[in-house]
Amino acid sequence: MNFRKGFLALSLSTVMVTGLFAGGVNASAQDTGITRGEFAKAVVKQLDLSATNQNITLLSDVTTDSPYAESVGILQQRKVIVGYPDGTFQPNKPISKQEAYIILSKTLGISINQAEQIFNKEYGIQFKNKTLTDDEAKKAIQQALQSDPGAYQWMIDSAEVQLQQKSFRSDLKQQMKMIFSENIPEMNNQNELSMNADVKMEYHVEDGIHLTTVVDLGQLDGIELPEELADMKIEQYITPEGMFMQMPDPETGEVAWIKMDGTMMPFTFEQLMEMQKDSVGVNQALLDNKNVFYRDLGTEALGDAQTRKIGYRSRFTSFQELMGMIGQSLPDGFEEQLGAQLESVPEMGDLSLSGVMWIDETSKLPTKLSQEITFEMGQLANEDLPIDKMQIKQEGTMYDYNQVEKVVLPEEAKNAKTFEEMLEEANVELGDTPSDHELKTDEETLEDES
């Protein structure tokens, strides 16, 4: 297993890329109790969801003519409902409070282990008995599965003000934990690895983006990491001249500039800037999406500024689902280009996102960000990189709006070779197995040893 190369590829790709419907629920006027089927139907109605896969195989005790068939199928498709171990759903059974927490937490992307605590503390949802009444279910679904209209407006207003800014700076601290499906021999038979990254960015609407990333893989029990991996610095420029990266070679430690051509970066500078200009549309798509939930968390003083805290939670059943939704809001031609890129990417599992944005109440500009992202790797996991899950925590600040005068590409970067050119010099083609000159027959090997 070529774990080292697989892990380095993932680490570098990670640092390179570093609102809602509020409807009614189907609840009885009598405070009698609610079944699992009725609860599922109420959730689907609240979110105004419809089936996207008509060929879903329903759980064994949910017939196609059942009043709950459509709702159960939709929630199965979204991996919210998986049924009992015997393959049944038992739609007429009273729903327990734990089962209600599970359905709500999976819809919102909340860890099941933290569900009851989060719903009690953040949403004011508390179930008094082991099973739910109609009234409890109605209130819980409405409190959990809708966005605040005020939060929606704050995010749209902030996005519009951001577009008027010519430049800004940001600092981001990121912690990433990788959880493997097996113990890794190169990691002293451990199955977890953590890494930290500090990312500083300068953005200028005409000159481009300058990123400085310092990566620290931390410590592993009983393992002394190579110096180039323990504290690795990466410089990136996204400019009209092209996109460039400077980093140490993981094998030799030698620092070199690379021009990121179409092999490594699917969009041009002009396209990326156009996407930045259309960020209001992206935010609008996120706010209007039925899987994203925004809440107004009140105000907080940060230094001399009074800020509005906007919380958000979302869960997507795949990375492709998220990018497909964003692609719908991109300028003409971008959605097709993005779709073509995603076709070659294996299906990833769940992607959950939760966080808080602090927005200056006077300027409407974002000043602080705190968020957590969880990736279930799904089919992206393979023999070289057997990762089950990645958990990412980010803390960032945004400042110096309109204070960045220029972003200047270093002269030595302008003559950088592309990644493809570097591979050609090494007689290696993208996606190939080792080239012929690296392969030897048993006879040739014996001759060399002789």
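The values are calculated or read from the model by the stated rules, or taken from the named source; none is laboratory data. Computed from a predicted model, the values in this text were never measured in an experiment. Using ideal geometry, Cβ is built from the backbone for each residue, glycine included, and neighbour counts are taken over all protein chains shown. Note: areas computed on protein heavy atoms with side chains; ligands, DNA, RNA excluded. Shrake-Rupley method; radii C 1.70, N 1.55, O 1.52, S 1.80 Å.
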Residues whose built amide H sits under 5 Å from the amide H of residue 166, excluding neighbours closer than 5 in sequence, are 402
Ranked output for segments 150-158, 80-88 by mean other Cβ atoms within 10 Å, highest leading, reads 150-158, 80-88
Set the Förster distance to 56 Å, then compute FRET efficiency between residue 96 and residue 304 from the Cβ-Cβ distance, nearest 0.05.
0.70
Cα gyration tensor, the range 36-146 - rounded (a/c under 1.5), prolate or oblate
prolate
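Calculate, in nm to one decimal, what residue 175 and residue 191 gain on full extension: separation in residues at 0.36 nm each, minus their alpha carbon distance. Kindly include the intermediate steps, with their values, before the conclusion.
Values: separation 16, 0.36 × 16 = 5.76 nm, distance 1.69 nm.
Computed gain between residue 175 and residue 191 is 4.1 nm.
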Label point distance in nm, residue 121-residue 231, each placed 7 Å from Cα along Cα→Cβ
3.5 nm
Using 7 Å Cα-to-Cβ label points, what is the residue 79/residue 363 separation (nm, one decimal)?
3.9 nm
Rounded to one decimal in nm, the spacing of the 7 Å Cα→Cβ label points at residue 393 and residue 135 is 4.0 nm
Considering the options 74, 119, 88, tell which one lies farthest towards the positive end of the dipole of the range 36-146, charges being +1 on Lys and Arg and -1 on Asp and Glu at the Cβ, about the Cα centre.
119
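With charges only on Cβ, +1 for K and R and -1 for D and E, what is the dipole size of the range 36-146 about its Cα centre, in debye, rounded to 20? Working shown, then result.
Details: 13 positive and 12 negative charges, 57 e Å.
Dipole of the range 36-146, to the nearest 20 debye: 280 debye.
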Mean accessible surface per residue for the range 131-224, computed with a 1.4 Å probe while every protein chain stays in place, in Å²:
47 Å²
Find how much the distance from residue 205 to residue 56 grows on full extension, using 0.36 nm per residue of separation minus their present alpha carbon separation; answer in nm with one decimal.
49.0 nm
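For residue 211, what charge total do you get from the other residues with a beta carbon under 9 Å from its beta carbon, if Lys and Arg give +1 and Asp and Glu give -1? Show your work: numbers first, answer last.
On the way: positive: 200; negative: 202, 235.
With Lys, Arg at +1 and Asp, Glu at -1, the neighbours total -1.
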Using the Karplus curve 6.51 cos²θ - 1.76 cosθ + 1.60 with θ = phi - 60°, work out ³J(HN,Hα) for each residue of the range 297-314 in order, rounded to whole Hz, and write x for Gly and Pro.
9, x, 10, 8, 7, 10, x, 8, 9, 9, 10, 9, 8, 10, x, 8, 9, 7
